[in-house]
Amino acid sequence: MKKLILFTVMLFTLSACEKLKFWEDSHSQASELHTYTCPMHPEIISDKPGKCPKCGMDLVLKEVHAKKADGIKLEDLLQPTNNFVVSQLPVIRLSKENVPTMVEALGIVDYDTRQIGTISSRIAGRIEKLYVRYKFQRVSKGQRILDIYSPELLTAQQNHLFILKNDRSNSMMINASRQKLLLLGMPSSQIQSISRKGKPDLSVPVFSNYSGYIQSAGGMANSSQPNEVMKASLVTAELPLKEGMYLQKGENIFTVYNPSRSWALLNIFAEDIALVSKGQSVTVVPQNDPASRFKGTVDFIEPFFRPGSKTVTARVYFDNSVGKIPIGTQVKAEIASHSKVASWLPKTSVVSLGMDKVVFKKAPGGFTAHKVGTGAIVKDKIEIVSGLEPDDEVAENAQYLMDSESLIKVSK
């Protein structure tokens, strides 16, 4: 009986000691939480607010040391920061969706080069009379452009008249001489005129075979910036050709541009090239007049990147005779593409390192940089073609997990 009583007293005493230790720990923590000190003199410590006896400043509450965070190991903190990040951010998985694609592109309106006509000199000679005075002067088909004096053509006329006068029954020779005049650029009406008069013409007119705006040969076709030809200083500038100048046989004299036949040159970024193909429907909105929008199709995609550009150019041919959109007008286009079934992630989950694309894959205690293959980009989504499994989790916003793109070391 005495042993039982002694054992009970010992249990009670042990319990009381534990309670006393717990009370002391709690009191110590409470006193630590309510400890005040001087910002200028840390050695001054008090358990209640007041003034510093040395400098008279108000005592402030002493900060409590942070406790050890659960779930973070020392090994995680010691890993290189360029391939492991300790963080607790929201994660996301690949989403298999059928996303309707719509590609937006910017571009300009330009002349359809298939409709550009060239007026050349068939003979060598001197310009006697010039009827075109300034660049981009409007001309019509059949309009007289200039008169040219040519010794070669004058000799051909004299031979034709000589045959007509001395051997009128020789139809073969007459037809041959007449054909030569036609090939040298002399109109048939003028050939009949000299046949009636019996004397040659000193000059021969040159007519335009095209309708449009005229420009001196080489002025626009060789320009590195075609939009600049529409500036007022260039439009009103006089032509380099003058009366009295000599032309060589086969020399290009003028180039005629037809503004009624134009095309829209659309710039397609690299990530959208896979979504654009020939024949797709396009809505083009001119910047100067959005109400004159029109629909067309992608007629041609240039198979190369233009020098100094990171985009591929797509052409949309259209009839500009009604809308009369000025050449050089900036346009915005919407290209209707097909829906695409693929694995998608938000664009914010992928970081671009130039040639490489990186996501931060979930790992025990944090995230690791992981290289992925990407495809099309549609609005706020990006296609993932390789590098991730359906069950992999990645950071929803990868921008929070990087300090500098150059320091990221990716895992294959």
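Take the range 141-179 and flag every residue that is touching a residue at least 40 places away in the same chain (Cβ under 8 Å) and loosely packed, with under 11 Cβ neighbours inside 10 Å.
Gly142
Where residues in the range 358-412 are of a type in the set (Gly, Ala, Ser), touching a helix residue (DSSP H, G or I) at 6+ places or on another chain (Cβ under 7 Å) and at pLDDT below 80, which of them is farthest from Glu97 (Cα to Cα)? Please lay out each step first, then the result.
To start, the set of residues in the range 358-412 that are of a type in the set (Gly, Ala, Ser) comprises 363, 365-366, 369, 373, 375-376, 386-387, 395, 398, 404, 406, 411.
Add one more test, that the residue is touching a helix residue (DSSP H, G or I) at 6+ places or on another chain (Cβ under 7 Å), and what stays is 365-366, 375-376, 395, 398.
Cutting the leftovers down to at pLDDT below 80 gives us 365-366, 375-376, 398.
Details: Gly365: 30, Gly366: 28, Gly375: 14, Ala376: 13, Ala398: 22 Å.
Once the filter is applied, the top-ranked residue is Gly365.
Given the conditions (1) open to solvent by 80 Å² or more (accessible area, probe 1.4 Å); (2) in contact with a helix residue (DSSP H, G or I) (Cβ under 9 Å, 6 or more places away or on another chain); (3) farther than 28 Å from Ile377 by Cβ, which single one is not true for Asp319?
Condition not satisfied by Asp319: (2).
In the range 360-370, is there at least one residue being under 23 Å from the mean Cα position of the chain (by Cα), surrounded by fewer than 18 Cβ atoms within 10 Å (Cβ to Cβ), in a strand (DSSP E or B) and not aromatic (Phe, Trp, Tyr)? First the steps, then the outcome.
Restricting attention to the range 360-370, the residues satisfying the condition of being under 23 Å from the mean Cα position of the chain (by Cα) are none.
No: the range 360-370 contains no residue that is under 23 Å from the mean Cα position of the chain (by Cα), surrounded by fewer than 18 Cβ atoms within 10 Å (Cβ to Cβ), in a strand (DSSP E or B) and not aromatic (Phe, Trp, Tyr).
Output yes when any residue across the range 346-353 is more than 30 Å from Val285 (Cα to Cα), at pLDDT below 80 and either open to solvent by 40 Å² or more (accessible area, probe 1.4 Å) or in contact with a Gly (Cβ under 6 Å, 6 or more places away or on another chain) (or both), and no when none is.
There is at least one residue in the range 346-353 that is more than 30 Å from Val285 (Cα to Cα), at pLDDT below 80 and either open to solvent by 40 Å² or more (accessible area, probe 1.4 Å) or in contact with a Gly (Cβ under 6 Å, 6 or more places away or on another chain) (or both).
Please go through the range 177-200 and pick out each residue that is in a helix (DSSP H, G or I), closer than 18 Å to Ser120 by Cβ and in contact with a Leu (Cβ under 8 Å, 6 or more places away or on another chain).
The one that is in a helix (DSSP H, G or I), closer than 18 Å to Ser120 by Cβ and in contact with a Leu (Cβ under 8 Å, 6 or more places away or on another chain): Leu181.
Give me the pairs: first residue in the range 277-296 and over 26 Å from Pro100 (Cβ atoms) and in a helix (DSSP H, G or I), second residue of a type outside the set (Phe, Trp, Tyr) and open to solvent by less than 90 Å² (accessible area, probe 1.4 Å), beta-carbon distance under 7 Å, and six or more apart or on different chains, which are they?
Ser292/Pro286; Ser292/Gly323; Ser292/Ile325
Kindly indicate whether any position in the range 313-330 is hydroxyl-bearing (Ser, Thr, Tyr), touching a residue at least 40 places away in the same chain (Cβ under 8 Å) and part of a loop (DSSP other than H, G, I, E, B). First the steps, then the outcome.
Filtering the range 313-330 for residues hydroxyl-bearing (Ser, Thr, Tyr) gives 313, 317, 321, 329.
Remaining after also requiring touching a residue at least 40 places away in the same chain (Cβ under 8 Å): 313, 317, 321, 329.
This time we only want the ones that are part of a loop (DSSP other than H, G, I, E, B), so: 321, 329.
The answer is yes, given that some residue of the range 313-330 is hydroxyl-bearing (Ser, Thr, Tyr), touching a residue at least 40 places away in the same chain (Cβ under 8 Å) and part of a loop (DSSP other than H, G, I, E, B).
Could you tell me which numbered condition Asn227 fails, if it satisfies all but one of (1) modelled with pLDDT under 85; (2) assigned to a loop (DSSP other than H, G, I, E, B); (3) over 17 Å from Arg133 (Cβ atoms)?
Asn227 satisfies every listed condition except (2).
Within the range 354-365, count every residue that is out of contact with any Lys or Arg (no Cβ under 8 Å at 6 or more places or on another chain) and at positive phi.
Adding up the residues that qualify gives 1.
The values are calculated or read from the model by the stated rules, or taken from the named source; none is laboratory data. Predicted model only: the values in this text are computed from it and were never measured. Note that each Cβ is placed from the backbone with ideal geometry, even for glycine, and that neighbours are counted across all protein chains shown. The accessibility values were calculated without ligands, DNA or RNA, using every heavy atom of the protein model including side chains. Shrake-Rupley method; radii C 1.70, N 1.55, O 1.52, S 1.80 Å.
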